[in-house]
Amino acid sequence: MRAVVLRGGRFVEAEVPAPPEPGPGQVLAETLATGICGSDLSAARHTEDFLAASRDSGTEAFLFDPDRDLVMGHELCARVLSPGEWEGKVVVGLPWALDTAGTLRTIGYSSTFPGGFGERMTLQAAALVAVPDHVPPTVAALTEPLAVGFGNVARAAPAAGTGAVVLGAGPIGLGAVAALVERGVAPVVVSEPSPRRRGLAARFGAHVVVDPGVRDPFDAWREASSAGQGLTVLECSGRPGMLNSVLHRAPRSTTVLLIGACMTEDVFRPVVGIYKDITVTMCMAYPPEEFARTLRRIAEGAVDAAALITGEVGFGEIDVAFAMLAEPDEHVKVLVRPGL
């Protein structure tokens, strides 16, 4: 099949073997639209760090052979080709598949299960959700990144009447903003250097939006909050040094969610957080039902997922797309579509 592969740190269009025949509980699907994720950028630029983190944490789901062609793409929307009750349906899904040994693999980060940068995928039927007819596949492909924000807010369950600071307004941060507002968390302060992303944060319901190069988000929080109000900080940027900055700047008894993945080693001073009784949660898994709920929010218009789409490319332009995403002032979510 036709695909774009990560080969030697570059993306190359090539003919590759078809995905494995669907096993029990699996389906074969054709790709309609796939988002490029920040994790894809990290895996391409920091491949050894990405794999070392998987090995060091005992997380087999993200292990692949770096010497083999890799077909990435896990923010997927596809049409099921076969077999059974899913046939013909347009779906999104948690990017999971079980190999023949029963090990969970991540679509797009597997040497066995190619992702949405190829024409076909083998998917786990239990992870799929049908897309309503009125939702375009390009918009439905935003379900996965937005669900990370919604899902981790659901996992933390901040109470109505508490406040939040969100660091980074990419798709995950924007999903978190919408989730916080939905729960009655206020004020929600968003820190984001990109003017375009700051505008989206306001559109998604943020009460205060700041450029961190101009104004410290924790100063903005102190000005907007009430005395004694509880605070949750959601670090969605994945930038080195952010945790240390949060520990120093956040008020006492803050809860911190680390959602953005920093791929390189980082340095922070734990005793600062200890003295301030700060709770830090590093976020990976979230309630899987939040995935279907996020698609429902998109379908009902509660979340304007289409507003995040700032570019679409075909297979031959993926290298260009990755360069585009290196300019966050201009782009938020770039989609890959096989037919372009």
On the protein heavy atoms, probe 1.4 angstrom, tell me the percent of accessible surface of the chain carried by carbon and sulfur. 51
To the nearest 20 debye, what charge dipole does region 189-311 have about its Cα centre, counting +1 at the Cβ of each Lys and Arg and -1 at the Cβ of each Asp and Glu? 160
What fraction of the DSSP beta bridges in the chain is antiparallel, stated in percent and rounded to the nearest 5? 55
What number comes out for accessible area per residue over the chain if the probe is 1.4 Å? Units Å², please. 42
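I need the per residue convex hull volume for region 271-321, using only the alpha carbons, in cubic angstrom as a whole number. Could you put the intermediate results ahead of the total?
On the way: hull volume 10.9 nm³, N = 51.
Once divided by residue count, the hull of region 271-321 is 213 Å³.
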Pick from ALA53, ALA44, ALA97 the residue whose mean-square fluctuation is largest in a GNM of the chain, springs joining Cα atoms under 10 Å. ALA53
For the ranges 145-156, 117-128, 21-32, what's the packing order if you count other beta-carbon atoms within 10 Å of each residue, average per peptide, and put the highest first? 145-156, 117-128, 21-32
First select every other residue whose beta carbon is under 14 angstrom from the beta carbon of ILE259; then total the charges, Lys and Arg +1, Asp and Glu -1. -1
At a probe size of 1.4 Å, how large is the accessible area of CYS37, to the nearest 10 Å²? 10
Largest-first ordering by accessible area, 1.4 Å probe, given options ASP211, ASP133: ASP133, ASP211
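The values are calculated or read from the model by the stated rules, or taken from the named source; none is laboratory data. Since the structure is predicted, the reported quantities are computational estimates derived from the model, not experimental observations. Heads up, the Cβs are rebuilt from the backbone with ideal geometry, glycines too, and the neighbour counts pull from every protein chain shown. The protein model used for the area step is the full one, side chains on, heavy atoms only, and it has no ligands, DNA or RNA in it. Shrake-Rupley method; radii C 1.70, N 1.55, O 1.52, S 1.80 Å.
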